[in-house]
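The values are calculated or read from the model by the stated rules, or taken from the named source; none is laboratory data. Bear in mind the structure is a predicted one, so any value in this text is a computation, not a measurement. Backbone-built Cβ (ideal geometry, glycine too); neighbour counts: all protein chains shown. Accessible surface areas use protein heavy atoms only, side chains included; no ligands, DNA or RNA. Shrake-Rupley method; radii C 1.70, N 1.55, O 1.52, S 1.80 Å.
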Amino acid sequence: MLYIGIDFGGTKIEAAALDENGQYLARERRPNPGSYDAAIVTIRELVESVEHQARISAGMRSVQVPGIGIGAPGSPSPRTGIIRNSNATWLNGRAFRDDLEVALERPVRLTNDANCLALSEAMDGAAAGCHSVAAIIIGTGCGGGLVAGQRLIDGANGLAGEIGHMSLPWPASDETPGPACWCGQRGCIETWVSGTGFARDFQAQTGRALKSEEIITLMREGDQGAIEAFERLLSRLGRTVAAITNLFDPDAFVFGGGLSNVAELYERLPAYVNSYVFSDHWEAKLVPARWGDTSGVRGAAYLWRQGTALAPEVPTFAGA
Ligand SMILES: [Zn+2]
């Protein structure tokens, strides 16, 4: 089998062809043309190109491609493939999957980019070998995805794992009702547990407008305001992990996004989770994502090989 995935980003579209062992046979990126019809043409050309390269370079002329996987921003409806809540607003309301199936003349599976990260990390990433995995992406916003038995849990409405738009658990009096969220609610986890939320909280308490990575640097230099802001972030993320544990109790939590690179998070978080989880003993793996930016395209390709375990260590592709 040959697995082809597309990572549909706001500025770039990337395609990759992977072999049975998760090795790249071909990868290609093009700018996102920024309009619907042109984007569909770009995807069709990218799929043709990586498939051609993989078949030629890897000598895989007769190998089957089960279908094409796509990771896209927003929340595609699993029934219709109609995109909701995408920051590429010209995708919203479009039957993206159906239109791609027509253009590509083959079956297409479509999910959001956070789900792609969760699947990619559960298949052969930081949580390889774990039965159940929750991914939490702490970037500009807060996304998430759930995997069990190496299968993505999409949900009846495609909403499973939308962690960022659950309410902050066990809020203190000064955390409620919480900041307004772009989704229309107040106090969503994303308004607190995200690079943006962290910076907003730091500014509200100290009056200083800084980027999240600058606050982390200050925290390491001993700045009291930054230390306290990081403690509040740990508490909020710890409560989020505890709430997910009470619902799903995964073997592993994989963190993606800019703030997942903060090493202190992994040392300090378990104490916060322990104070909220409904048990006197809790244990789970807390790890940063292995594949980083490439998890989108890998997870998209793996939409066609879910439920089949990969070898935890990927052998090097020898060529043909
Ligand atoms: Zn929200």
### Query
Fully extended, how many nm does the chain gain between THR89 and TYR266 (0.36 nm per residue separation, minus their Cα-Cα distance)?
60.2 nm
### Query
Using mean Cβ contacts within 10 Å as the protection proxy, how do 114-125, 255-266, 235-246 order, highest first?
114-125, 235-246, 255-266
## Note on the structure
Taking placed amide H atoms and a strict 5 Å upper bound, the residues 5 or more places from ILE153 or on another chain that come that close are LEU146, VAL147, ALA148
### Query
Taking the convex hull of the alpha carbon atoms in the chain, what volume per residue do you get, in Å³?
135 Å³
#### Entry: Nearest-0.05 FRET efficiency for CYS183 and GLU28, computed from C-beta distance (R0 22 Å)
0.05
### Sparse-neighbour loop sites [trypsin sites (Lys or Arg not before Pro); the range 1-73; at most 13 other C-beta within 10 Å; DSSP]
ARG61
### Summary
Measuring from its Cα centre, the chain shows a charge dipole (+1 at each Lys and Arg Cβ, -1 at each Asp and Glu Cβ) which, in debye to the nearest 20, is 560 debye
### Query
Given labels modelled 7 Å from the Cα in the Cβ direction, how far is it in nm from LYS285 to PHE248?
1.6 nm
### Message
What are the membrane-span-like helices in the chain by this rule: whole DSSP H runs, Cα extent along the axis at least 24 Å, mean Kyte-Doolittle hydropathy at least 0.0?
### Response
36-57, 224-248
### Message
Tell me the per residue accessible area of the range 128-289 using a 1.4 Å probe; a whole number in Å² is fine.
### Response
45 Å²
### Query
Percent of accessible area on the chain owned by carbon and sulfur, 1.4 Å probe?
51 percent
## Note on the structure
From DSSP H assignment alone, runs of 4+ in the chain each adding -39500 (n - 2.57), the sum over residues rounded to the nearest 500 puts [θ] at 222 nm at -11000 deg cm²/dmol
### Summary
Packing-ranked peptide list from 173-179, 224-230, 163-169, highest mean Cβ count within 10 angstrom first, is 163-169, 224-230, 173-179
### Summary
Of all chymotrypsin sites (Phe, Trp or Tyr not before Pro) in the range 147-214, the ones in DSSP coil with at most 12 other Cβ atoms within 10 Å are TRP182
